[in-house]
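The structure appears below as structure tokens.
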Amino acid sequence: MLAVPVIGVLVISVFQIALLWHAHNIVEAAAQEGSQAAAVVNRTCTDGIATANDMADRLGGAYVKAIAVTCQPGPTVTVTVAAQALSMVPGLHFPVRASADALTAGER
């Protein structure tokens, strides 16, 4: 009888790992798009942050929440996206974070 709860915990763990992986892929894609947007000629970190937020919202759906985007300008623009991944266990919070760099157009 101990096998049933153990199997249940294992199944939930596998699904939670898949949700974390998916959420990380979402924030990584948003960071990459944001850094590329901010690196274009006549665009700024404000454009990169807006692009990253839009992409995280569109792709994230219910899988990511509490999205926060930061941008560091310079010859290499760095956009960082942080969020909370969907949790199958109430009360547990799983942060996900990704950063992406892009050379500004004048540096290429």
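When the Cα positions of ALA39, ALA62, HIS93 are compared along the charge dipole of the chain, HIS93 comes out farthest toward the positive end, with charges on each C-beta of Lys, Arg, Asp and Glu. The angle separating the long axis of helix 3-38 from the principal Cα axis of greatest extent in the chain is about 10 degrees.
Calculate the dipole size of the stretch 1-97 relative to its Cα centre from +1 charges on Lys and Arg beta carbons and -1 charges on Asp and Glu beta carbons; express the result in debye to the nearest 20. Intermediate results must be reported in sequence, preceding the final value.
Values: 4 positive and 5 negative charges, 28 e Å.
About 140 debye.
Per the helix-only calculation at 222 nm, which mean residue ellipticity applies to the chain, given -39500 (n - 2.57) for every DSSP H run of n ≥ 4 and division by its residues, nearest 500 deg cm²/dmol?
Values: 2 runs with 52 residues, N = 108.
For the chain, the value works out to -17000 deg cm²/dmol.
Between 0 and 90 degrees, the angle of helix 45-60 with respect to the longest Cα principal axis of the chain falls at about 30 degrees.
For the chain, a Kirkwood hydrodynamic radius built from all Cα pairs, placed in the Stokes-Einstein relation at 25 °C and 0.890 mPa s, yields a translational diffusion coefficient of 167 µm²/s.
Throughout, read-outs are computed from the coordinates displayed, never taken from laboratory work. Keep in mind that this is a model prediction, so the values were computed, not measured. Note: ideal-geometry Cβ built from the backbone for every residue, glycine included; neighbour counts use all protein chains shown.
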